[in-house]
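Undergrad: The structure that follows is given in the form of structure tokens.
The values are calculated or read from the model by the stated rules, or taken from the named source; none is laboratory data. Computed from a predicted model, the values in this text were never measured in an experiment. Please note: Cβ atoms are built from the backbone with ideal geometry, for glycine as well, and neighbour counts cover all protein chains shown.
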Amino acid sequence: MAERRNVVALTGAGISVESGIPAFRGTQGLWEKYDPMEYATLHAFVRSPRKVWEMLSEMVSVCGDAAPNAAHKGMAALEKRGVVRAVITQNVDGLHQAAGSRRVIEYHGNMETLVCISCWKRYPTRERWRPGTVPLCDCTEILKPDVVLFGEPIPWLAQEQAEEEARTCGVLLVIGTSAQVSPACDIPRIAKESGAAVIEINPEPTSLTASVTDLHLQGTASEVLGCLVGLLRNPANGHP
Ligand code: OAD
């Protein structure tokens with residue numbers, strides 16, 4: 001990382017777990033409580049938006065209460081030092097930007113904006129949504145957060161930029177993602193096929209670990225990034 005400097009990161013829900021936002025999969029995950037086929041598809045939203053808002057309300061309030069943790073701050077520090085070039089995030093919580101990262105590609109959109117799927121008008125979430133309510137457009141339709149639900153395409157600019165970053169980086173850090181959702185899970189493969197080293201930061205192995213990953217740094221995002229930031233500041237410290 002110190003030599004190549006053109007490092008890109010792909011982050012997932014795991015990087016925000018230490019900010020109090022539960023991941024999607026696993027025993028504490030959101031999908032244990034809400035079946036994604038019933039609560040997280042575009043089809044489900046069109047059919048029963050009030051039901052989908054039961055899950056969305058929880059996401060909006062948890063994200064709204066969260067603050068960046070040491071891992072988000074570590075990523076921002078690495079960008080400031082010219083080591084990390086961009087962060088591609090599947091997260092919709094805005095915590096990378098809150099920590100100070102500037103080049104953030106939001107692959108699955110964000111929770112800050114609501115959009116009307118009928119007339120396409122957009123609103124800041126904090127202006128239209130109150131706990132226990134369903135946000136409405138001026139045209140009376142129920143608004144949808146500007147996040148990618150299953151069955152929706154990735155915003156084209158985010159997809160283009162993410163693939164370009166993956167094709168041209170020297171190192172791809174894959175942090176806190178189970179890499180089970182397509183097309184985000186293709187990003188590590190694109191980077192690897194284009195010659196990048198793939199470094200995974202995750203307490204658990206994933207489907208990438210045995211096939212794509214060159215180095216698995218096993219630990220939480222804040223532990224491992226804390227070590228990396230320290231080492232890059234002073235390589236003489238040796239192995240953490
Ligand atoms: P997942 O919930 O699938 O995976 C979270 C990953 O984070 C797991 O591999 C955990 O082992 C790891 N993890 C947990 N705690 C961690 C910590 N403290 N530090 C580092 N890693 C930790 O979340 P994603 O892979 O982000 O998409 O899920 C991808 C997509 O699936 C989401 O963007 C969302 C979801 O369905 C849509 O809704 C379209």
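Undergrad: With region 48-112 as the region, which helices (runs of 4 or more DSSP H) entirely inside it contain at least 1 residues that are under 28 Å from G132 (Cβ atoms)? Walk me through how you get there before you give the answer.
TA: Values: elements: 49-65, 70-80, 95-99.
Counting at least 1 such residues, we get 49-65, 95-99.
Undergrad: Contact list please: Cβ distance under 6 Å, first residue in region 166-185 and closer than 14 Å to E200 by Cβ and part of a loop (DSSP other than H, G, I, E, B), second residue near the ligand (Cβ under 6 Å from one of its atoms) and charged (D, E, K, R), pairs at least six apart or on different chains.
TA: Every condition considered, the pairs that remain are S178/R25.
Undergrad: On the given criteria, is I142 of a type in the set (A, V, I, L, M, F, W, C), surrounded by fewer than 22 Cβ atoms within 10 Å (Cβ to Cβ) and out of contact with any helix residue (DSSP H, G or I) (no Cβ under 6 Å at 6 or more places or on another chain)? So that I can check it myself, show each step before the final result.
TA: Working: of a type in the set (A, V, I, L, M, F, W, C): yes; surrounded by fewer than 22 Cβ atoms within 10 Å (Cβ to Cβ): yes; out of contact with any helix residue (DSSP H, G or I) (no Cβ under 6 Å at 6 or more places or on another chain): no.
For I142, the condition - of a type in the set (A, V, I, L, M, F, W, C), surrounded by fewer than 22 Cβ atoms within 10 Å (Cβ to Cβ) and out of contact with any helix residue (DSSP H, G or I) (no Cβ under 6 Å at 6 or more places or on another chain) - is not met.
Undergrad: Sticking with this one: Where the second residue is away from the ligand (no atom under 14 Å from the Cβ) and assigned to a loop (DSSP other than H, G, I, E, B) and the first is within 16 Å of M111 (Cβ to Cβ) and lies in region 64-93, which pairs have Cβ atoms under 8 Å and are six or more apart or on separate chains?
TA: Partner pairs satisfying both residue conditions: H72/S101.
Undergrad: Only one of L10, L42 is buried (at least 16 other Cβ atoms within 10 Å of the Cβ), modelled with pLDDT of 95 or more, within 23 Å of V115 (Cα to Cα) and among the aliphatic types (A, V, I, L, M); which? It would help to see each step written out before you state the result.
TA: Details: L10 fails: within 23 Å of V115 (Cα to Cα).
On inspection, the qualifying residue turns out to be L42.
Undergrad: Among the residues of region 1-45, write down those that are farther than 19 Å from P205 by Cβ, within 7 Å of the ligand (Cβ to nearest atom) and in a loop (DSSP other than H, G, I, E, B).
TA: Within region 1-45, E18, A40 meet the criteria.
Undergrad: So how many residues does region 81-99 have that are away from the ligand (no atom under 11 Å from the Cβ) and modelled with pLDDT of 95 or more?
TA: Adding up the residues that qualify gives 11.
Undergrad: Could you check E164 against (1) over 19 Å from G82 (Cα atoms); (2) surrounded by fewer than 19 Cβ atoms within 10 Å (Cβ to Cβ) and say which number it fails?
TA: Here E164 clears every test but (1).
Undergrad: Only one residue in E193, E164, E152 is acidic (D, E), under 30 Å from A40 (Cα atoms) and more than 17 Å from the chain's Cα centre (by Cα). Which one?
TA: E164
Undergrad: Looking at K192, K144, can you tell me which residue is basic (K, R), over 29 Å from M59 (Cα atoms) and in contact (Cβ under 8 Å) with a residue 12 or more places away in the chain?
TA: Answer to the selection: K192.
Undergrad: Identify, from the list T140, T168, T213, T206, the residue that is near the ligand (Cβ under 9 Å from one of its atoms) and either modelled with pLDDT of 95 or more or of a type in the set (A, V, I, L, M, F, W, C) (or both). Talk me through it step by step, then tell me what you get.
TA: Details: T140 fails: near the ligand (Cβ under 9 Å from one of its atoms); T168 fails: near the ligand (Cβ under 9 Å from one of its atoms); T213 fails: near the ligand (Cβ under 9 Å from one of its atoms).
One residue alone meets the criteria, T206.
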